[in-house]
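Data first, discussion second: the structure below is written as structure tokens.
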Amino acid sequence: MVPISSKFDIHYAEAPTVSLGGQDLMQSPEVLAGDTLELSVSITSFNLPLTNITWTHNGNVFTTGQERVAISNHSLSDPAPVVSMLTRTSLIPLDAGNYTIMATNPEGSSTYTFQVTVTGKLT
């Protein structure tokens with residue numbers, strides 16, 4: 001009798017998760033006017049490609065090339081989590097508010113919100 005064997009891989013899929021990734025960041029950072037804000041999260045997509053990563057400020061989507069804003073998304077290796085970072089320079093009081101990231105894959109989406117306070121006045 002010849003033994004019969006088979007090999008198969010089991011892959012599960014679910015909506016991505018967004019987390020602080022163990023970094024020393026606060027959910028409610030306080031930044032001085034004129035300074036630079038840096039927000040960074042780790043996104044895990046569970047064996048599915050991320051189809052969209054969107055950052056918003058008080059519900060308004062940041063667009064490519066927007067003044068004083070830079071967004072970067074990178075992964076050190078596949079399928080490692082993606083690190084997404086939003087940088088906003090020369091903060092003014094109107095930059096205070098909710099900064100939300102939404103990550104989407106074919107199974108759904110997940111969000112994380114920072115509540116940013118800008119203190120002081122520009123001189």
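The values are calculated or read from the model by the stated rules, or taken from the named source; none is laboratory data. Keep in mind that this is a model prediction, so the values were computed, not measured. Note that each Cβ is placed from the backbone with ideal geometry, even for glycine, and that neighbours are counted across all protein chains shown.
Note on region 64-123: residues that are in contact with a helix residue (DSSP H, G or I) (Cβ under 9 Å, 6 or more places away or on another chain) and assigned to a strand (DSSP E or B) total 4. For region 64-75, the set of residues classified as within 15 Å of the chain's Cα centre (by Cα) and either modelled with pLDDT under 95 or surrounded by fewer than 13 Cβ atoms within 10 Å (Cβ to Cβ) (or both) consists of S72, N73, H74, S75, listed by residue number.
For region 76-91, the set of residues classified as touching a strand residue (DSSP E or B) at 6+ places or on another chain (Cβ under 9 Å) and either surrounded by 13 or more Cβ atoms within 10 Å (Cβ to Cβ) or in contact (Cβ under 8 Å) with a residue 60 or more places away in the chain (or both) consists of P81, V82, V83, S84, M85, L86, T87, R88, T89, L91, listed by residue number.
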